[in-house]
Structures are given as structure tokens and as C-alpha cells.
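Asker: Let me begin by handing over the structure; questions about it come next.
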Protein chains: 2
Amino acid sequence: MVKLLQVDFDFTGPFGEEMAEKLAGLAESINSEPGFIWKIWTESRKDQLAGGIYLFEDEESANAYFKMHSARLKEMGINEVRGQIFDVNIPLSTITKGPVD
Amino acid sequence: MVKLLQVDFDFTGPFGEEMAEKLAGLAESINSEPGFIWKIWTESRKDQLAGGIYLFEDEESANAYFKMHSARLKEMGINEVRGQIFDVNIPLSTITKGPVD
């Protein structure tokens, strides 16, 4: 059953196009992570935050990714990463056109 | 420009199919909210949480929805709702197959 991983952390930039240029290679690599389905990249210059919403095929792959990703962010100097794995309520998400596959 | 609204709150249930039966009508109504594009319904029985990931057409509609939704949750006895509006990094999300339209 698919799982949604919600991640965010304090971040001072770069944002927007500058971030996209720096992290395009990393983004490509995420497509190869086990169980990965998609990621929306979230950011807020105003609130100095960044993060992502991910869909994974199962809990095991979501957990493994978050563990790896937190360690990678730590190497980039980001020590506190908020992460939460959720079940997706499929019948309700289907009604509201949620992209859950 | 689209905005992503990330919402979660402490929740004791109902979850899953029982929640879906109770809230199907509410879900239908959300499709008519101004600027609404889609919602994924998130829940965690294990961590006693519920929430949603929403895509809106712009910041104004995301803000208005969150204000209304927080008030509605308050009427249901849920006083503390965490909500954050994010920009979406479109180039990176496109690489990682994120459903951003």
C-alpha cells in the first residue's frame, strides 16, 4: 500500500531557480531510489523552509529513504529534519482528485 | 502560481474506511472550493494523526481554505492544526514526476 512521506526543515536557501540548478542531478538520482513513485519539492523563502512530499510504494521504502535523506541533509549542515510517514486514505483522495498512483 | 498547503493535526479516529464513509460528502464539497486543484488525505492510526496535502491555484485561495478549514476542525474539537503554505519548485518536481498541475 502506498505511503506518503512529508518532510520539512529550516532552510536559508538557495530557493527557486538557483536551487533547481544546483540540485537537478540529485533530483534525477531520487528517481532511482527503491519504491519511489514521485516527489513534489516544497520551499518557502518567506518562512525559510524547504522540504518535500513523496509517494512511496510501501512503508519499508519510505522509511529507508527518510533515514538516508536525513543523513544526507545532516552532511549539508541541516540537523533537524521533520519527517512523518502517513497512510493515504484512498477513497477520500479519489473523490478529491488526489494523485495517489 | 500553484501553492501547496500541508496540514496535519492530532487525531484519534475514525481512520480508513470508517473515515471515508463519514467524510465522503465533505470530500465532494472540497472540490468546489475556490482555487482548489486536488487533495491527498493523510492519516496515521499508529501516530494518531490526520491531515492533508493540497494543491491550490494561488496563495490567496490556499490561505482562505486553511482559515475556513481550521475553523471547521475547531468545531469538531480539534484546536491545534499545523498548516504551512509552500511554493512548489516546478523544475525539480518535474524531474521527480511530482503531480503539480
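Asker: Charges at C-beta only: +1 for Lys and Arg, -1 for Asp and Glu. How large is the resulting dipole of the protein assembly as shown about its Cα centre, in Debye rounded to 20? Before the final figure, lay out the partial values.
Answerer: Numbers: 20 positive and 34 negative charges, 44 e Å.
It comes to approximately 220 debye.
Asker: For the stretch A:3-95, report the translational diffusion coefficient in µm²/s to the nearest whole number, using Stokes-Einstein at 10 °C, 1.306 mPa s, and a Kirkwood Rh over Cα pairs.
Answerer: Details: Rh = 14.0 Å.
After rounding, the answer is 114 µm²/s.
Asker: In debye to the nearest 20, how big a dipole does chain B give about its Cα centre with +1 on each Lys and Arg Cβ and -1 on each Asp and Glu Cβ?
Answerer: Details: 10 positive and 17 negative charges, 34 e Å.
With Lys and Arg at +1 and Asp and Glu at -1, about 160 debye.
Asker: Label 7 Å along Cα→Cβ of residue A:78; the stretch B:63-101 residues with amide nitrogen under 19 Å?
Answerer: Output list for this probe position: B:83-99.
Asker: Over chain A, what relative contact order in percent results from Cα pairs under 8 Å that are six or more residues apart? Write down the numbers at each step before the final one.
Answerer: Values: 150 pairs, mean separation 41.8, N = 101.
Reported as a whole number, the value is 41 percent.
Asker: Can you give me the angle between helix B:16-30 and the longest principal axis of chain B, using Cα atoms only, in degrees from 0 to 90, rounded to the nearest 10?
Answerer: On a 0 to 90 degree scale, this one is about 50.
Asker: Treat the protein assembly as shown as a sphere of radius equal to its Kirkwood radius over Cα pairs and apply Stokes-Einstein at 10 °C in a medium of 1.306 mPa s; give the translational diffusion coefficient in µm²/s, rounded to a whole number. Could you put the intermediate results ahead of the total?
Answerer: Working: Rh = 17.1 Å.
For these conditions, the coefficient is 93 µm²/s.
Asker: I would also like to ask the following. Net charge near residue B:93, counting Lys/Arg +1 and Asp/Glu -1 over other residues with Cβ under 12 Å of its Cβ? Could the numbers behind the result be given before it?
Answerer: Details: positive: A:39, B:97; negative: A:43, B:87, B:101.
Within the 12 Å Cβ shell, the charges total -1.
Asker: Let me ask something additional. Roughly speaking, what is the centre-to-centre gap between the stretch B:37-70 and the stretch A:68-84 when only Cα atoms are used, to the nearest Å?
Answerer: Computed from Cα coordinates, the inter-centre distance equals 24 Å.
Asker: So what's the angle, to the nearest 10 degrees on a 0 to 90 scale, between helix B:59-75 and the longest Cα principal axis of chain B?
Answerer: 0
Asker: Compare the Cα positions of A:34, A:12, A:63 along the charge dipole of the stretch A:3-95 (+1 at Cβ of Lys, Arg; -1 at Cβ of Asp, Glu; about the Cα centre) and return the one farthest towards the positive end.
Answerer: Farthest towards the positive end: A:12.
Asker: Which of the lysines could a cross-linker span from residue B:39 if the Cα-Cα distance has to be under 22 Å and same-chain partners fewer than 8 positions apart are dropped?
Answerer: Within reach: A:3, A:39, A:97, B:3, B:22, B:67, B:74, B:97.
Values in this text are rule-based calculations from the coordinates and carry no lab data. Since this is a predicted model, take the numbers as computed values, not measurements. All Cβ positions, even for glycine, are placed from backbone atoms using ideal geometry, and neighbour counts span all protein chains on display.
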